[in-house]
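One structure is given below, encoded as structure tokens.
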Amino acid sequence: MNDNFTIHKTDKPKEKPDQNSLGFGKYFSDHMFVMEYTKGKGWHDGKIVPYGPISLDPAAAVLHYAIEMFEGMKAYKTKDGRTLLFRPEMNAKRLNITCDRLCIPEMDEKLFLDAVKAIVDFEKDWIPQGEGRSLYIRPFIIADEVFVGLRPAEHFTFIVFLSPVGSYYAGGLSPTKLLVEDEYIRAAPGGTGYAKVGGNYAGTLKAQQKAIGMGLDQVLWLDGVEKKYVEEIGASNAFFVIDGEVVTPPAGGTILKGITRDSCLQLLKKWGYKVSERKVSIEEIFNACESGKLDEAFATGTAAVISPVGELTWKGKKIAINGGKTGAISQRLYDELYGIQTGELEDSMGWTVEV
Ligand SMILES: *Cc1c(COP(=O)(O)O)cnc(C)c1O
């Protein structure tokens with residue numbers, strides 16, 4: 001599989017971190033995958049090299065105009081020692097959707113998958129085993145052309161690095177408290193909200209800091225025009241269970257189409273739940289809560305898979321959801337997805353890809 005990629009092996013392999021204090025995004029494996037794009041030549045010279053700093057010219061376009069995109073995925077080690085990826089072809093497709101929005105040249109889906117498989121296979125000893133642990137995979141592209149002028153760049157670097165991560169949930173799923181943000185916005189129609197571009201995230205820090213300052217965990221984003229409809233939860237997708245109906249906002253331009261979101265929608269439909277991709281206003285959610293019809297709320301994303309929501313604060317008003325406890329649908333989705341991802345449950349959807 002890595003026949004086409006050059007390999008430079010490190011002569012200073014690192015000691016593996018303590019498996020009990022992995023956390024998230026703190027440790028990095030010994031090697032990374034690097035590939036360049038040059039106009040006229042396309043993507044070329046894919047290689048596996050020792051993990052380490054990269055050198056950039058101060059005039060590199062990414063440093064000035066944030067011409068950067070990223071992806072996020074995970075590899076799991078099964079109990080019988082196989083390495084599994086979860087729907088990686090979806091990441092390949094989304095990478096190209098994002099690239100198109102930033103005028104970054106397209107990458108052949110097979111080339112992307114081969115690169116991810118090659119580096120994960122090369123670093124398979126870095127996949128931590130045990131409850132909730134995985135190898136987080138971060139592919140990204142930067143415009144490193146040396147040019148201070150605003151136009152589509154002509155030289156790019158694609159990198160994939162790996163980070164062994166611990167469990168989000170040491171003691172089972174734990175519901176979060178959200179601030180319904182009614183001042184700052186994350187995305188607007190016509191903008192880049194549907195694309196995984198780095199620039200989308202810098203602008204969210206202020207709101208996140210505000211939420212944490214209020215003793216809450218995360219932000220629930222409203223739409224950027226009327227600040228009326230719910231959109232996302234932090235950097236994950238939002239689901240609500242209202243009177244038995246599972247509702248998630250439609251992915252129409254301002255919402256990042258999560259692969260976990262899509263997987264939840266497919267599972268819920270298969271299980272026979274009433275599922276709707278429709279606009280849902282924050283008022284509808286608060287009213288449903290008051291009349292006892294808000295059954296559950298949860299966030300979905302690669303990092304935590306499912307993150308139940310136990311409380312919302314909007315304009316100084318607080319509501320508890322499901323008594324602040326994890327709901328049955330949240331738990332069922334988590335168990336099913338995590339079971340499939342780790343090879344513990346039968347992959348009836350054909351979602352896992354062995355490396
Ligand atoms: C990555 C991301 C998600 C979740 O996508 P997954 O593919 O499920 O990990 C949701 N919202 C935003 C803004 C994101 O960046």
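The values are calculated or read from the model by the stated rules, or taken from the named source; none is laboratory data. All figures in this text were calculated on a predicted structure; none of them were measured in a lab. Positions of Cβ are backbone-derived with ideal geometry, glycine not excepted, and every protein chain shown enters the neighbour counts.
Condition check ((1) within 20 Å of the chain's Cα centre (by Cα); (2) modelled with pLDDT of 95 or more; (3) among the small types (Gly, Ala, Ser)) across all residues:
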{"position": "152", "(1), (2), (3)": "no, yes, no"}
{"position": "164", "(1), (2), (3)": "yes, yes, no"}
{"position": "169", "(1), (2), (3)": "yes, no, no"}
{"position": "174", "(1), (2), (3)": "yes, no, yes"}
{"position": "179", "(1), (2), (3)": "no, yes, no"}
{"position": "189", "(1), (2), (3)": "no, yes, no"}
- Evaluate the following for residue 275: is it of a type in the set (A, V, I, L, M) and either over 21 Å from residue 219 (Cα atoms) or touching a residue at least 60 places away in the same chain (Cβ under 8 Å) (or both)? yes
- Task: Determine if the range 138-156 includes at least one residue that is out of contact with any helix residue (DSSP H, G or I) (no Cβ under 8 Å at 6 or more places or on another chain) and closer than 27 Å to residue 23 by Cα.
- Result: yes
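Which of the residues spanning the range 119-146 are assigned to a loop (DSSP other than H, G, I, E, B) and either under 20 Å from the mean Cα position of the chain (by Cα) or at negative phi (or both)? Explain how you work it out, then say what you get.
We begin by selecting, within the range 119-146, every residue assigned to a loop (DSSP other than H, G, I, E, B); these are 123, 127-133, 144-145.
Hits for the range 119-146 are 123, 127, 128, 129, 131, 132, 133, 144, 145.
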- What is the one condition in (1) part of a loop (DSSP other than H, G, I, E, B); (2) closer than 24 Å to residue 332 by Cβ; (3) away from the ligand (no atom under 16 Å from the Cβ); (4) not aromatic (Phe, Trp, Tyr) that residue 190 does not satisfy? (2)
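Can you list the strands (runs of 3 or more DSSP E) found entirely within the range 260-355 that contain at least 1 residues being of a type in the set (A, V, I, L, M) and more than 21 Å from residue 232 (Cβ to Cβ)? First the steps, then the outcome.
Details: elements: 274-277, 294-301, 305-314, 317-320, 352-354.
Because the criterion is at least 1 residues that are of a type in the set (A, V, I, L, M) and more than 21 Å from residue 232 (Cβ to Cβ), the strands (runs of 3 or more DSSP E) in the range 260-355 that meet it are 317-320, 352-354.
Yes/no per residue for (1) buried (at least 22 other Cβ atoms within 10 Å of the Cβ); (2) over 20 Å from residue 86 (Cβ atoms); (3) in contact with a helix residue (DSSP H, G or I) (Cβ under 6 Å, 6 or more places away or on another chain):
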site	(1), (2), (3)
294	yes, yes, yes
298	yes, no, yes
318	no, yes, no
328	no, yes, no
331	no, no, no
341	yes, no, no
345	no, no, yes
- Query: Of everything in the range 47-74 that's within 24 Å of the chain's Cα centre (by Cα) and in a strand (DSSP E or B), which residue is farthest from the ligand (Cβ to nearest atom)?
  - Reply: 48
- Query: Based on what the data block shows, is residue 88 surrounded by fewer than 21 Cβ atoms within 10 Å (Cβ to Cβ) and at pLDDT 95 or above?
  - Reply: no
- Task: Exactly one condition in (1) in a strand (DSSP E or B); (2) within 13 Å of the ligand (Cβ to nearest atom) is not met by residue 92; state its number.
- Result: (1)
- Task: Look at the range 223-253 and say how many of its residues are under 16 Å from the mean Cα position of the chain (by Cα) and either surrounded by fewer than 23 Cβ atoms within 10 Å (Cβ to Cβ) or near the ligand (Cβ under 10 Å from one of its atoms) (or both).
- Result: 9
